[in-house]
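The values are calculated or read from the model by the stated rules, or taken from the named source; none is laboratory data. Since we're looking at a predicted model, the values are computed, not measured. A quick note on method: Cβ atoms are made from the backbone with ideal geometry, for glycine too, and the neighbour counts reach across all protein chains shown. Side chains are part of the model used for accessible areas, which takes the heavy atoms of the whole protein and leaves out ligands, DNA and RNA. Shrake-Rupley method; radii C 1.70, N 1.55, O 1.52, S 1.80 Å.
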Amino acid sequence: MHPSVHAGLTPDKPALIVAETGETISFGALDARSNRAAQLFRAQGLAIGDTIAVLLDNIPEYYEIVWGAQRAGLFYVCIPSKLTAPEIAYIVGDSGAKLIVASAALGPVVAALAEPLAGCARFVLGGAVTGWQDWDAAVAAMPGAPISDERAGADMLYSSGTTGRPKGVRVALPENPAIDGPAVLTMLAQHLYGLGPQTIYLSPAPLYHAAPLRWSMSVMRLGGTVVMMQHFDPEAALAAIERYRINASQWVPTHFVRLLKLDAATRARYDVSSLKVAIHAAAPCPIPVKEAMIDWWGPVLYEYYAGSEGNGLTTIDSAQWLSHKGSVGKAAYGALHICDEAGHELPAGEEGLVYFSGGGQFEYHNDPEKTAEAKNAQGWTTLGDIGRVDEEGYLYLTDRKSFMIISGGVNIYPQEIENRLITHPRVADVAVIGGPCPEMGERVIAVVQPVDMTEAGDSLAAELTAWCRAELSGVKTPRQIDFAAELPRAPTGKLYKRLLRDRYWGNSESRIV
């Protein structure tokens, strides 16, 4: 299916609602707007297989642009709006984008891009910026009819750069050129979670990341309604569930942590009984956090493990999770394999790199070496995560290979330590990294964001050390606990550990970072 199909069948049905304002875009309006966007892309000389870039916060126009690119056979690169001008220029240049649409609300960053992107057609939304054309005026001049050479396009999303410069994940354009041809994720959404025309789906995260973009577009393909939050706020999310009678949604563990930090009276104030499906992914969820969410919302939580690369997917529902706590599920797309460093498959229960076979194929744009590193001799592909599979086929993730700490020859996985610390009532957020140690090579450092920053200091550090020692071995207990007012996270909840590691490997003496 496709929004254009629903535009013909139910043109007045809401395709999109902005949670904070109630602004509504119907399927009919979305179809006309995406047609005009496609017409503009052709008028700018973009042909099938070319690339555009999108630099916007969560605004309604996001969807008209990406659906316009999808029906024009283009690759669309969605760039995080929090990046600096040099970071944005790198992605635009690396992707080969011939056109970019940006928001005037990003101010100096957009203005600074006019010169670096001189060879790229530049359009701006929501105001005038020197060196940029007015998107609204340009698209309004285009016809609302479909272009004559419609062909299905695809996204090309960049990694968040947690361990180095971001890399574009590029897949081939769909074999079926029809814009309403079958899409794997849409079929999975329908089969696994029952999403369809009746779905009212809350999307609380930025659209420039893979899951919010792809899942919300899948809901629109199926004829459901997307309720988009412009900015995540835990109480506002609960209010949106109640106001719009949300029955499906998607989250990351950080969202759950922030929801659970609300006081009991605030949580009880909102009716969330309409929720039938609460999907979560992006990072493994600490067991106590997920237990608390199931106690609160009921058995509506569905977890999956996958990546922007689309090489495979596991899934697990609440009942399965309660009997396999900590698992991210069984393979639902592709087959799971756990392999050693040489690429040899390991038996059930042993830890190694997680590989998928039989799923989607991908490459890292302009990086054949990284693409080759993601494959073993059998052609199976990995995202770089470490885990194990039990006798029943359930996958348990340990951590990312790149985040592993090696102290005195012992492999230490930060995730287990983070999962312990985040459950402390005085901890709002935490990251565990390896810092330099002349004797052991690396030492375990926890960077903690307290609920109250005025409590940061030796007393709280000692309390948290004791909290860890109660459940973790001595080698896993942090040797150093530092405090930060805020950790460097993307709005999706993904942590930029590289930024923290860089600070420590340059200077590791400060107690307040």
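Here are the numbers for the structure shown:
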{"read-out": "Residue within segment 344-354 that is of a type in the set (Asp, Glu), in a strand (DSSP E or B), loosely packed, with under 15 Cβ neighbours inside 10 Å and without any contact (Cβ under 8 Å) to a residue 60 or more places away in the chain present", "value": "yes"}
{"read-out": "Some residue of segment 156-165 being modelled with pLDDT of 90 or more and under 21 Å from the mean Cα position of the chain (by Cα)", "value": "yes"}
{"read-out": "Count of segment 331-343 residues which are part of a strand (DSSP E or B) and either open to solvent by 80 Å² or more (accessible area, probe 1.4 Å) or farther than 13 Å from Gly387 by Cβ (or both)", "value": "3"}
{"read-out": "Any chance Ala137 is of a type in the set (A, V, I, L, M), open to solvent by 30 Å² or more (accessible area, probe 1.4 Å) and in a helix (DSSP H, G or I)", "value": "yes"}
{"read-out": "Filtered residues of segment 201-224 (kept if among the hydroxyl-bearing types (Ser, Thr, Tyr) and open to solvent by less than 10 Å² (accessible area, probe 1.4 Å))", "value": "Tyr201, Ser203, Ser216, Ser218"}
{"read-out": "Single unsatisfied condition, Leu40 versus (1) crowded, with 22+ Cβ neighbours inside 10 Å; (2) within 27 Å of the chain's Cα centre (by Cα)", "value": "(2)"}
{"read-out": "Helices (runs of 4 or more DSSP H) completely within segment 211-287 that count 2 or more residues being within 22 Å of Ile17 (Cβ to Cβ)", "value": "234-244, 253-260"}
{"read-out": "Residues of segment 456-486 that turn out to be over 15 Å from Thr423 (Cβ atoms), over 32 Å from the mean Cα position of the chain (by Cα) and among the charged types (D, E, K, R), as a count", "value": "1"}
{"read-out": "Pair list, Cβ < 9 Å and 6+ apart or interchain, from segment 210-232 residues that are at positive phi to residues that are open to solvent by 20 Å² or more (accessible area, probe 1.4 Å) and assigned to a helix (DSSP H, G or I)", "value": "Gly223/Val5; Gly223/Leu9"}
{"read-out": "Number of the exception - Val448 against (1) in contact with a helix residue (DSSP H, G or I) (Cβ under 7 Å, 6 or more places away or on another chain); (2) more than 20 Å from Thr254 (Cβ to Cβ); (3) crowded, with 16+ Cβ neighbours inside 10 Å", "value": "(2)"}
{"read-out": "Flag if Lys13 is closer than 19 Å to Leu125 by Cα, touching a residue at least 24 places away in the same chain (Cβ under 8 Å) and either open to solvent by 30 Å² or more (accessible area, probe 1.4 Å) or not aromatic (Phe, Trp, Tyr) (or both)", "value": "no"}
{"read-out": "Residue tally, condition in contact with a strand residue (DSSP E or B) (Cβ under 7 Å, 6 or more places away or on another chain), part of a loop (DSSP other than H, G, I, E, B) and either open to solvent by 40 Å² or more (accessible area, probe 1.4 Å) or under 21 Å from Leu275 (Cβ atoms) (or both), over segment 312-327", "value": "1"}
{"read-out": "Subset of segment 282-301 (residues that are farther than 16 Å from Ser249 by Cβ and either open to solvent by 30 Å² or more (accessible area, probe 1.4 Å) or modelled with pLDDT of 95 or more (or both))", "value": "Ala283, Pro284, Ile287, Pro288, Glu291, Ala292, Asp295"}
{"read-out": "Inter-residue pairs, beta-carbon under 6 Å, first closer than 24 Å to Gly359 by Cα and in segment 318-330, second modelled with pLDDT under 95 and part of a helix (DSSP H, G or I), 6+ apart", "value": "Gly326/Ile287"}
{"read-out": "Residue tally, condition under 17 Å from Lys330 (Cβ atoms) and in contact with a helix residue (DSSP H, G or I) (Cβ under 8 Å, 6 or more places away or on another chain), over segment 362-393", "value": "1"}
{"read-out": "Criterion (of a type outside the set (D, E, K, R), open to solvent by 60 Å² or more (accessible area, probe 1.4 Å) and farther than 23 Å from Glu418 by Cα) met by exactly one of Ala268, Ala237", "value": "Ala268"}
{"read-out": "Total residues in segment 14-48, condition of a type in the set (A, V, I, L, M) and in a loop (DSSP other than H, G, I, E, B)", "value": "4"}
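Quick grid of which residues meet (1) surrounded by 13 or more Cβ atoms within 10 Å (Cβ to Cβ); (2) not basic (Lys, Arg):
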residue	(1), (2)
Gln415	yes, yes
Ala428	yes, yes
Glu439	no, yes
Glu463	yes, yes
Cys468	yes, yes
Asp482	yes, yes
Glu486	no, yes
Tyr496	yes, yes
Arg503	yes, no
